1. Just wondering, is there one or more residues in segment 23-34 that are of a type in the set (Val, Ile, Thr), modelled with pLDDT of 90 or more and under 19 Å from Met373 (Cβ atoms)?
2. Considering segment 315-353 alone, what residues qualify as being in contact with a strand residue (DSSP E or B) (Cβ under 7 Å, 6 or more places away or on another chain) and within 20 Å of Pro78 (Cα to Cα)?
3. Has segment 379-386 got at least one residue that is at pLDDT below 95, of a type in the set (A, V, I, L, M) and out of contact with any strand residue (DSSP E or B) (no Cβ under 8 Å at 6 or more places or on another chain)?
4. Restricting segment 347-381 to residues that are over 18 Å from Thr66 (Cβ atoms) and of a type in the set (S, T, N, Q), which is surrounded by the fewest Cβ atoms within 10 Å (Cβ to Cβ)?
5. Looking at Asp251 and the list (1) surrounded by 16 or more Cβ atoms within 10 Å (Cβ to Cβ); (2) closer than 24 Å to Glu336 by Cβ; (3) among the charged types (D, E, K, R), which single condition is not satisfied?
6. Hey, could you check segment 1-22 for residues that are closer than 13 Å to Gly37 by Cα and modelled with pLDDT of 80 or more and say which is surrounded by the fewest Cβ atoms within 10 Å (Cβ to Cβ)?
7. Report yes if some residue within segment 91-107 is on the phi < 0 side of the Ramachandran plot, open to solvent by 40 Å² or more (accessible area, probe 1.4 Å) and touching a helix residue (DSSP H, G or I) at 6+ places or on another chain (Cβ under 9 Å); otherwise report no.
8. Looking at (1) at pLDDT below 95; (2) buried (at least 22 other Cβ atoms within 10 Å of the Cβ); (3) not charged (D, E, K, R), find the lone condition where Ala290 falls short.
Amino acid sequence: MTTVETVVGPAQTLVLNMGPQHPSTHGVLRVVLELDGEQIVRAEPEIGYLHTGIEKNAEALTYSQTITITDRMDYLAPLSNNLGYCLAVEKLLGLEPPPRAKYIRVLLTELTRLQSHLVWLGTHAIDLGAMTVFLYCFREREEILKIFEMVSGQRMMTSYFRIGGIALEPPPGWLDPVARVLRIMPSRIDEYESLLTRNSIWLGRTQGIGLLDAKDAIAMGVTGPMLRASGVAYDVRKFFPYSGYDEFEFDVPTRTEGDCYARYLVRLAEMRESLKIIKQAMGKVPAEGAIKVDAPGIVPPQREKMKTEMESLIYHFKIFTEGFSPPVGDVYQAIESPRGELGFFIASDGSPKPYRMKVRAPSFVNLQSLEKMVKGRLLSDVVACIGTTDIVLGEVDR
């Protein structure tokens, strides 16, 4: 405890643990709060309750094996993690995926952004007492997870993107459920807005709460919707295009208020922009074509070739038992994940395993803004501020 000066004289503060058992911290985050009555004097996020050791584990796995553990780092956006990692390794190898694989990646990554924002909105709403929105958001998310299962065989931990392309040819008719999502989602987003955007309780819990101005956001390295809600139109897809994003027409939604309500509005607008990108990607995906780059010794050959060509059989065996060896060097590749800039730094020593992998995880960086947002606010406002950061602890404790 410490002593602080108040309007009625000196007073002792109370140290309170919020989490990891608190529902809004989702069992893996502890925030040490120092309170003067119900007013927050200091807030210190305590991490480590979901430590995965992904960065260190990557040093003991081949480059291809590492893809599966990137799924677990952000379980709400596994395809985004796959994409960032695969692009980094492809840059190290000097590979360029074929057009069909490139556009399928964009389409599925934007579906990932959409379903991630749906989970954020649903859980954020239920933390603040809006039960109906939670049920509606998960209803729509289910439609997207069905697409992931149809394409990859998995609903969440897909590991579908591979170095040089994608794992499997999508099944016939896979774009039909995508078209259904495009049809239903605009009206469903309108429905969420009708329940929340002008709701007096929602406004009272989010407007003017968790203020973060552009200067502080930039100083702390905040990215993604949190930064854009503070008036900075920074989006990796626009500033450093990857995977053909420079060929797509979409806007970067921003607000200037920098509060929880502004971050809510930005994410809703981003959901609409993702729908625009998905629609364009559907028109760009070639009906036929290669789904992997032709790189013997790096990208596994087609299984049919293994049955008739000895070279293909040998390549397949060596890739999956020994891996491949990129040239010595290091690369950094950033993408725009649902939570902000997700970057992969990979150093190669010429062996089949990464010498070092370091991940610039947006949740880890954005979390440091929590104290700034809640200082001077009331205890109940911490729930809104934690929710509006949209942190995934797998990224924080990677």
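1. yes
2. Passing the criteria: Tyr332, Gln333, Ala334, Ile335, Glu341, Leu342, Gly343, Phe344, Phe345, Ile346.
3. Yes.
4. Top of the filtered list is Ser380.
5. It fails just one condition, (1).
6. Among residues in segment 1-22 that are closer than 13 Å to Gly37 by Cα and modelled with pLDDT of 80 or more, the one surrounded by the fewest Cβ atoms within 10 Å (Cβ to Cβ) is Gln12.
7. Restricting attention to segment 91-107, the residues satisfying the condition of being on the phi < 0 side of the Ramachandran plot are 91-93, 95-107.
Among the residues that remain, those that are also open to solvent by 40 Å² or more (accessible area, probe 1.4 Å) are: 91, 96, 99.
Checking which are touching a helix residue (DSSP H, G or I) at 6+ places or on another chain (Cβ under 9 Å) leaves us with 96, 99.
Yes: one or more hits.
8. Against the list (1) at pLDDT below 95; (2) buried (at least 22 other Cβ atoms within 10 Å of the Cβ); (3) not charged (D, E, K, R), Ala290 comes up short only on (2).
The values are calculated or read from the model by the stated rules, or taken from the named source; none is laboratory data. These figures come from a predicted structure and were not determined experimentally. Neighbour counts are summed over all protein chains in view; Cβ atoms, including those assigned to glycine, are modelled from backbone coordinates with ideal geometry. Only protein heavy atoms, including side chains, enter the accessible area calculation; ligands, DNA and RNA are left aside. Shrake-Rupley method; radii C 1.70, N 1.55, O 1.52, S 1.80 Å.
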